[in-house]
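The values are calculated or read from the model by the stated rules, or taken from the named source; none is laboratory data. It should be emphasised that the depicted structure is a prediction, and the values quoted were computed from it without experimental measurement. Every residue, glycine as well, gets a Cβ built from its backbone with ideal geometry; the counts of neighbours run over all protein chains shown.
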Amino acid sequence: MAHQSLYRTHRPATFADVVGQDQVTRPLEEAVKSKKIGHAYLFAGSRGLGKTSIARIFAGAIDCTENDLYEIDAASNNSVEDIRALTDGVYTLPFASPYKVYILDEVHMLSKGAWNAFLKTLEEPPAHAVFILATTELEKVPETVQSRCQVFEFKKPTRAVLAEMVSAVGKKEGYTLEADAAELVAMLGDGSYRDALSVLQKVLAGVDGKKVAREAVEAATGAPKLEQVHALISALAAGERGPALAAVESVAKSGADMKLFLELVLESLRSVLLLRYAPELRASLQSELGADESAVLEKFAAEKGITHATLLAFLTAADRIRYAPIPALPIELAVLELFPE
């Protein structure tokens with residue numbers, strides 16, 4: 001029997017369980033308390049931010065039971081006929097709830113005809129109907145629809161919020177994540193609660209014991225190893241072109257994601273410069289990086305070889321890497337631009 005995904009197992013069940021979306025949950029809670037329930041809401045934001053989870057929480061908060069809750073995937077039910085079937089059912093009374101709630105996911109996928117068929121119902125819905133439209137592409141939702149909805153924009157969580165969440169979920173599952181392991185899982189989650197928990201699930205499936213180190217995350221995901229990042233940073237700090245290029249080549253040959261490698265390098269370069277030029281941030285950086293990593297970067301900060309020009313060269317590489325036919329090339333070019341001779 002297949003295990004349920006961590007995202008489903010640890011899906012928030014109440015507004016209090018939701019992390020990092022106060023700008024959405026607070027007004028919804030106030031609406032519930034004051035009994036000022038709108039007839040149409042539009043939840044917009046990138047994937048994996050909890051739009052449908054919060055829609056279900058809101059439905060529960062206004063006493064809508066499962067029998068009166070309809071969750072529709074608009075990506076595959078996007079025709080005029082699909083919407084007419086939905087709107088025909090809207091006018092029948094709820095089974096046992098004060099409201100019938102319709103959650104339409106990926107609503108931007110509705111056809112033009114379907115939008116036109118839906119608009120009249122959205123303008124004059126029965127008192128018991130509540131529509132919650134969810135989309136990852138707000139700009140594709142017609143203005144005529146947006147103007148008839150209360151629009152809530154979901155924010156991508158910060159890396160710190162994601163790291164805290166995966167640590168908490170890991171703990172509930174009986175595992176302890178080391179700080180740098182949680183940080184890497186959060187980075188791989190790329191601003192999505194769902195993706196971060198998918199990465200965590202992959203890691204936990206292959207880990208030995210109950211303690212999760214960064215190495216376990218690297219092994220499970222194929223992420224670049226911290227030693228590979230240090231090898232390049234060390235060469236840059238020492239001003240050594242050959243070893244720097246060799247470090248990049250080593251990562252490329254290992255099959256690691258070069259874009260992720262570059263992101264890790266940029267973060268390390270930033271930390272090196274902050275440790276050197278903003279000593280007042282040392283305590284917070286040590287807390288963020290961990291004692292071991294902080295000590296390594298302190299050593300590079302003392303060498304003076306890494307400057308703002310180093311960071312700028314690798315930022316330029318980050319801009320170029322998206323279009324590079326050879327992923328290692330922009331990183332190698334950054335090294336050559338820093339050490340032309």
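Of the residues examined, Val130 is one that is crowded, with 20+ Cβ neighbours inside 10 Å, more than 20 Å from the chain's Cα centre (by Cα) and under 27 Å from Cys64 (Cβ atoms). Being without any contact (Cβ under 8 Å) to a residue 60 or more places away in the chain, buried (at least 17 other Cβ atoms within 10 Å of the Cβ) and among the basic types (Lys, Arg), is that true of even one residue in the range 24-36? No: the range 24-36 contains no residue that is without any contact (Cβ under 8 Å) to a residue 60 or more places away in the chain, buried (at least 17 other Cβ atoms within 10 Å of the Cβ) and among the basic types (Lys, Arg). Quick check on the range 256-280: of everything there that is more than 23 Å from Ala223 (Cβ to Cβ) and either assigned by TED's automatic domain parsing to the domain that holds Glu183 or not aliphatic (A, V, I, L, M) (or both), which residue is surrounded by the most Cβ atoms within 10 Å (Cβ to Cβ)? Residue satisfying both the conditions and the ranking: Arg276. Picking from residues in the range 64-81 that are under 21 Å from Glu153 (Cα atoms) and among the acidic types (Asp, Glu), the one that is surrounded by the most Cβ atoms within 10 Å (Cβ to Cβ) is Glu71.
Of all residues in the range 165-198, those satisfying the criterion of being more than 15 Å from Leu264 (Cα to Cα) and free of Cβ contacts under 8 Å to residues at least 24 places away in the same chain are Ser167, Ala168, Lys171. Taken over the range 302-321, residues that are modelled with pLDDT under 90 and either under 24 Å from the mean Cα position of the chain (by Cα) or closer than 25 Å to Ala181 by Cα (or both) amount to 0.
Among the numbered criteria (1) among the hydrophobic types (A, V, I, L, M, F, W, C); (2) without any contact (Cβ under 8 Å) to a residue 12 or more places away in the chain; (3) not in a helix (DSSP H, G or I), which single criterion is violated by Ile306? Checking Ile306 against (1) among the hydrophobic types (A, V, I, L, M, F, W, C); (2) without any contact (Cβ under 8 Å) to a residue 12 or more places away in the chain; (3) not in a helix (DSSP H, G or I), the one that fails is (2).
For the range 122-137, indicate whether the set of residues that are out of contact with any strand residue (DSSP E or B) (no Cβ under 8 Å at 6 or more places or on another chain), closer than 30 Å to Val90 by Cβ, modelled with pLDDT under 90 and in the same structural domain as Leu104 (by TED's automatic domain parsing) is non-empty. Yes, the range 122-137 contains at least one residue that is out of contact with any strand residue (DSSP E or B) (no Cβ under 8 Å at 6 or more places or on another chain), closer than 30 Å to Val90 by Cβ, modelled with pLDDT under 90 and in the same structural domain as Leu104 (by TED's automatic domain parsing). Does Ala334 count as in a helix (DSSP H, G or I), at pLDDT 95 or above and surrounded by 12 or more Cβ atoms within 10 Å (Cβ to Cβ)? Yes, satisfied. Please tell me if Ile54 is touching a strand residue (DSSP E or B) at 6+ places or on another chain (Cβ under 9 Å), of a type in the set (Val, Ile, Thr) and modelled with pLDDT under 95. For Ile54, the condition - touching a strand residue (DSSP E or B) at 6+ places or on another chain (Cβ under 9 Å), of a type in the set (Val, Ile, Thr) and modelled with pLDDT under 95 - is not met.
For Ala283, the conditions (1) closer than 28 Å to Ala213 by Cα; (2) modelled with pLDDT under 95; (3) surrounded by 15 or more Cβ atoms within 10 Å (Cβ to Cβ) are fulfilled apart from (3). For the range 56-63, the criterion of being loosely packed, with under 15 Cβ neighbours inside 10 Å and either not assigned by TED's automatic domain parsing to the domain that holds Leu197 or not hydroxyl-bearing (Ser, Thr, Tyr) (or both) is met by at least one residue.
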